[in-house]
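Engineer: Take this structure first; my questions come after.
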């Protein structure tokens, strides 16, 4: 009986490992429990502890990161620079990456303030970042309040937005210069008259260099 139970546990751990590897988002204990057929969360905690202990060994290039009840595999910091070019989202054009960096540094940020810094191209950039699930937006008056997502944190190997700000400490805070008021709803919807993201600025770079893409805040029209 004990051998059967051990075999079942090994299979469950392998299934949890596969789920964590394939999931684009960190998985909660509840989510893992459902995948494993409705097992107890204490059982999930034990499997996760075993996986973490296993992947903490030097023989592995991955580690199991757990925070706020969610777990995900990520590349260990020692190897990330050598393999980051293989990760998804590497096709983000550099101008859009700069826009994302500004939003992350000033998180959360009003779209209207972003436009004053990055220009009207920011509307198309935001739409592209929303499509990639790196941003989420909520209505705030006549504008949108922009937040980075869990996918943003996961993709860039961060635990919190504050950790991103720590890596770029010393940069000035965004101070928007007064400009004639522009209502979001007065501007063309993305796809009408705006440039397609990256069409005018086709230089692209590695997203692991996002911190280096933040420039001193300034109003600009080009990429």
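What follows is calculated from the coordinates using simple rules that are stated; it is not laboratory data. Note that the structure is predicted; figures quoted are calculated from it, not measured. Reconstructed Cβ throughout: ideal geometry from the backbone, glycine too, with neighbour counts over all protein chains shown.
Engineer: With the cut-off at 1.5 for a/c, could you classify region 2-75 from its C-alpha gyration tensor as rounded, prolate or oblate?
Structural biologist: oblate
Engineer: Between residue 50 and residue 62, how many nm apart are label points set 7 Å from Cα along the C-beta direction?
Structural biologist: So the label points at residue 50 and residue 62 sit 1.7 nm apart.
Engineer: May I pose another question? Under a plain spin-label model, where a point goes 7 Å from the Cα along Cα-to-Cβ, how far apart in nm are residue 28 and residue 78?
Structural biologist: 3.5
Engineer: Here's something else I'd like to know. For a quick check: sort 116, 121 by the number of other beta carbons within 10 angstrom, fewest at the front.
Structural biologist: Ordered from fewest to most neighbouring Cβ atoms within 10 Å, 116, 121 come out as 116, 121.
Engineer: Between residue 6 and residue 120, what FRET efficiency comes out of the Förster formula 1/(1 + (r/R0)^6) with R0 = 45 Å and r the beta carbon distance, rounded to 0.05?
Structural biologist: Given R0 = 45 Å and the Cβ-Cβ separation, E is 0.15.
Engineer: Right, here's the next one. Among 142, 98, 132, rank each residue by its count of other Cβ atoms within 10 Å, from fewest to most, as a rough exposure measure.
Structural biologist: 142, 132, 98
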